[in-house]
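Let me begin by presenting the structure, written as structure tokens, before commenting on it.
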Amino acid sequence: MKPIKNLNFNPNPYILILVLIFGILIWGLTTNNPTTFFTTAPIKRWNTIDPDVTSNGNTLRALTLLQTKKNNLTPKTPSPSAVLNKPSNYYSKYLQLSGTVKSILPFSPVSKLESITIGGSTEIIVLANDGRTLIDFFLIGYKPNLSQGAPIILYGYTPGIRYIQNTQGVVTPGLVILGSLQR
């Protein structure tokens, strides 16, 4: 009888490195932690801990809802200050808010992803009808014919809040709404 050769397991270090990198990528794409470096990956749930839209990852989720749920929506009409104080209570809810136009700015997408998802849109700063809440409204894919001081009714979803600096340099929180002017 012939003896069996003893095969020593000598893994290639390059293969081990590739497996490790692949594992980290899989973990990063499947995690729902907003502090990871994969902030542009779609999130599975709303980030209810961080209300700031610049860091919470909810904007893509709101845009997805805006694009997929277009017909037969009955909007909620909460107080704008209630939404500003606790935006996480209104995530995934189609909202209707009204106010007065304070400024209109064309929004130029910074990245290719924004260009694809948002396209040509307009940022409108609105003072809500409660007289104290600022709404940072992103009108998606439409050029409005509005002027400063005009009344406006907004429809859309909130991904959270954003801090807005006025002409005097004062920074105040503003409720962010992504949406349209018509239902």
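The values are calculated or read from the model by the stated rules, or taken from the named source; none is laboratory data. Just so we're clear, the structure is a prediction, and the values are computed from it rather than from any experiment. Because the Cβ atoms are built from the backbone with ideal geometry, glycine has one as well, and the counts that use them run over all protein chains shown. Heads up: the accessible areas ignore ligands, DNA and RNA and are worked out on the full protein's heavy atoms, side chains in. Shrake-Rupley method; radii C 1.70, N 1.55, O 1.52, S 1.80 Å.
When you look at Ser88, is it part of a helix (DSSP H, G or I) and modelled with pLDDT of 90 or more, yes or no? In short, yes.
The residues on offer are Tyr142, Tyr155, and the sole one that is more than 17 Å from Gly57 (Cα to Cα), hydroxyl-bearing (Ser, Thr, Tyr) and at pLDDT 90 or above is Tyr155. Within the stretch 121-170, take every residue that is under 19 Å from Ser79 (Cβ atoms) and part of a loop (DSSP other than H, G, I, E, B) and give me the one that is most open to solvent (accessible area, probe 1.4 Å). Among residues in the stretch 121-170 that are under 19 Å from Ser79 (Cβ atoms) and part of a loop (DSSP other than H, G, I, E, B), the one most open to solvent (accessible area, probe 1.4 Å) is Arg132. Out of the residues in the stretch 38-75 that are open to solvent by 70 Å² or more (accessible area, probe 1.4 Å) and touching a helix residue (DSSP H, G or I) at 6+ places or on another chain (Cβ under 7 Å), state the one that is modelled with the lowest pLDDT. Looking at the filtered set, the residue picked out is Thr40. Scanning the stretch 45-64 for residues that are closer than 14 Å to Pro87 by Cβ and in a helix (DSSP H, G or I) yields Asn58, Thr59, Arg61, Ala62.
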